[in-house]
Amino acid sequence: MKVAIQCDSPLLQRSLELFLEGNLSSLRQCDILIRDKNIRDDQYPTFVVGTEESSDLIKPFSKAQLLHALNQMVESQKYAPNAAEDEQPASEEGGVSFEILERHIDKLTREYQANILKAIRAFYEK
């Protein structure tokens with residue numbers, strides 16, 4: 001998998017470069033373009049990292065989550081033309097639904113963690 005990165009955030013740009021050190025390539029030779037803004041381009045398959053629900057990967061994330069999400073996208077690109085020809089959109093929808101569910105669970109987990117930390121801080125500040 002060859003990846004190019006174009007982020008407005010220098011911190012995110014550098015983090016992604018470190019996480020994907022062995023997979024970086026030029027824009028012309030990439031399989032996937034990673035951006036921090038939702039700019040879809042017909043020329044390059046785009047993977048969006050951000051805080052919005054429409055992002056392919058929601059911040060914050062780990063290296064393992066990034067690699068997993070990128071691998072899923074590469075796999076879905078491999079099978080996308082075949083799925084259109086064979087008329088199998090149900091399996092594609094199932095993957096999308098699971099990804100949305102996974103994001104929702106991650107969001108709820110982060111909110112739950114923040115609430116617990118807030119309660120602990122309030123307890124010890126008394």
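Quick note: the coordinates plus some simple rules give every number you see, no bench work behind them. Please read all numbers here as calculations on a predicted model, not as lab measurements. Positions of Cβ are generated from backbone atoms using ideal geometry, with glycine treated the same way; all protein chains shown enter the neighbour counts.
Overview of values
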quantity: Full-extension gain in nm, Arg14 to Ile120, via 0.36 nm per residue minus C-alpha separation; calculated: 34.8 nm
quantity: Modelled label reach - Arg110, point 7 Å along Cα→Cβ, the stretch 56-70 residues with backbone N closer than 16 Å; calculated: 56-67, 69
quantity: In Hz, Karplus ³J(HN,Hα) per residue of the stretch 20-34 (6.51, -1.76, 1.60; θ = phi - 60°; x = Gly, Pro); calculated: 10, 3, x, 10, 6, 8, 6, 4, 5, 9, 7, 8, 9, 10, 9
quantity: Interchain or long-range residues, amide H under 5 Å from Leu24's placed H; calculated: Val3
